[in-house]
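To start, the structure under review is shown below, and the notes come after it.
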Amino acid sequence: MKAIRVKEFGGPEVLRLEEVPTPQAGPGQLVVRIHAIGINPVETYIRAGTYARLPELPYTPGNDGAGVVEQVGADVSEFKAGDRVYTGGSISGTYAEFALCKKEQVHPLPANVSFAEGAAMGTPYATAYRGLLQRAAAQPGETVLVHGASGGVGTAAVQLARARGLRVFGTAGSDQGIKLARQQGAHEMFDHRAPDHFEQIMKATGGRGVDVIVELLANVNLGKDLTILAKGGRVVIIGSRGRVEIDPRDTMQRDADVRGMILPNTPPAELESIHAALVAGLETGTLRPVIGKQTSLSEAPEAHRAVIKSGALGKIVLVPQTQERNS
């Protein structure tokens, strides 16, 4: 099969499309024929060698994909060959024509959801759900601010927050992004290019502040975030690209919490409940991933450059050439 391989950590150019053996399912495992692959910013940090947890070289990147079960191993009764599924993790990596997964990493893909949409589920929606509803414990009636509301995790957080009954504020850096987030259900949107956008947000709350902030770029925003929280407010840090200076008094005055998270820390039982909720949201149409761009698997280097640029709209998805030919 064709797969992207990384033999040394570095820039996007280290992503090389190569011929490798097709994986075989062992006990408790499945092989999924991949129809679409989701690209996530964390995969660029791993590729660059700057992430806290690094795989052994060489490796195939990717946790997120969607396709059809090709083969099931012993002890797998939940799925059968031909089932439509999405992945939220992979043993062999999803930047490939086939991916080997543990059965716990595979979830049903409802018939009303495309493979591209399925590929956008695993990391973005699970991360948004974990951050917003489990770590930040957002409650109906509260106000949530989603920074970067037009990207993959951002649009997921907006949809989940609306479904939960929250008042949803968001930020974006382009007119397109602001429009997209509004279409996903944001009640109020703010242009983060405006130097006074934090003041605008505070004014929109009537001076009370926001209850929850979903923070995707903490090194830029966290110091200001703490000044616009309501009493008892929570910031959940989902993304950061460096250090930041804060004034601890801002947390003291508000009895505020700063809570970090990375998806791999999620206990298995909580991860199972996340995906049960996500599948239900797909079935009912409450959740609908936004696909920003689809391109071929061979374009993985360019996709890695695009996914970390500011102003990303929706999800970047790669498609194996075998699926391009068959579509």
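Each reported figure results from applying straightforward, stated rules to the coordinates on display, with no laboratory input. Computed from a prediction, not measured in an experiment: that's the story for all the values here. Backbone-built Cβ (ideal geometry, glycine too); neighbour counts: all protein chains shown.
Can you list, largest first and rounded to whole Å, the semi-axes you get for region 83-162 by taking the square root of 5 times each eigenvalue of its Cα gyration tensor?
27, 13, 12
Please give the net charge around Asp83, taking every other residue with its beta carbon less than 13 angstrom from that of Asp83, where Lys and Arg add +1 and Asp and Glu add -1.
Details: positive: Arg33, Lys80, Arg84, Lys103; negative: Glu70, Glu78.
Once all neighbours under 13 Å are counted, the net charge is +2.
So how far apart, in nm, are the two label points at Thr322 and Asp196 if each is 7 Å from Cα heading toward Cβ?
Placing both labels 7 Å along Cα→Cβ, they lie 5.8 nm apart.
For the pairs Lys2/Lys315; Lys7/Lys315; Lys7/Lys102; Lys2/Lys80; Lys2/Lys179; Lys203/Lys293, flag any whose C-alpha to C-alpha distance is greater than 28 Å.
With Cα atoms farther than 28 Å apart: Lys2/Lys179; Lys203/Lys293.
Loop only per DSSP, at most 11 neighbouring Cβ atoms within 10 Å: give me the trypsin sites (Lys or Arg not before Pro) in region 208-311, ordered by residue number. Write down the numbers at each step before the final one.
Numbers: sites: Arg208, Lys224, Lys231, Arg234, Arg241, Arg243, Arg249, Arg254, Arg259, Lys293, Arg305, Lys309; in loops: Arg208, Arg241, Arg243, Lys309.
Loop-located and lightly packed - Arg243, Lys309.
Connecting C-alpha atoms closer than 10 Å in a GNM of the chain, tell me which of Glu142, Glu19, Glu283 has the biggest fluctuation.
Evaluated over the chain, the most mobile residue of the options is Glu19.
Rounded to whole Å and sorted largest first, list the principal axis extents of the Cα atoms in the chain.
Cα extents, longest axis first: 59, 39, 33 Å.
Residues with beta-carbon under 13 Å from that of Val106, excluding Val106: net charge, scoring Lys, Arg +1 and Asp, Glu -1?
-1
Which FRET efficiency value, to the nearest 0.05, do you get for Gln24 and Ala280 by plugging their Cβ-Cβ distance into 1/(1 + (r/R0)^6) with R0 = 35 Å?
Details: r = 32 Å, r/R0 = 0.92.
Approximately 0.60, to the nearest 0.05.
Set Lys and Arg Cβ to +1 and Asp and Glu Cβ to -1, take the dipole of region 272-327 about its Cα centre, and tell me which of Ala303, Ala280, Gln321 lies farthest positive.
Comparing the listed Cα positions along the dipole, Ala303 ranks first.
Helix by helix, which DSSP H runs in the chain go 15 Å or more along their axis at the Cα atoms and have an average Kyte-Doolittle hydropathy of -0.5 or more?
152-164, 268-284
Which value in nm describes the separation of the simple spin-label points at Ala74 and Leu54, placed 7 Å from the Cα toward the beta carbon?
If labels sit at Ala74 and Leu54, their model points lie 3.7 nm apart.
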